[in-house]
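A short reminder: the numbers here are calculations on the coordinates, not readings from a lab. These numbers were taken from a predicted model, which means no experiment stands behind them. Please note: Cβ atoms are built from the backbone with ideal geometry, for glycine as well, and neighbour counts cover all protein chains shown.
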Amino acid sequence: MKVSLNKTNFKIGDKIVVILDFSESEIPCIEFKATLQSEEIIAEECRKKAGQSLASVHSHTELKEYTLYKKKTDFTLQIPVHITPTFVSDISK
């Protein structure tokens, strides 16, 4: 399977256009699921609890599509405008 994106860098509010090409796959794809996630990494000295995970992952958008017998498909996911953009400070990595 070949995966193509409309660009390599995205910002808040951008639409991510993805093209999946199954034409050269030896095994047919029956269905796929795509999830748009963000990751927050918390510096060890800033964690509230001992043993708290270093990173937390948040899911924002999920798409599921059946693709049996398709040679190609595409979909769009939009990066929500309400999520925090990337930043770095003394208390975050």
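Scanning the range 1-19 for residues that are within 13 Å of the chain's Cα centre (by Cα) and among the hydroxyl-bearing types (Ser, Thr, Tyr) turns up just one, Thr8. Scanning the range 6-23 for residues that are within 10 Å of Leu77 (Cβ to Cβ) and surrounded by fewer than 13 Cβ atoms within 10 Å (Cβ to Cβ) yields one hit, Lys15.
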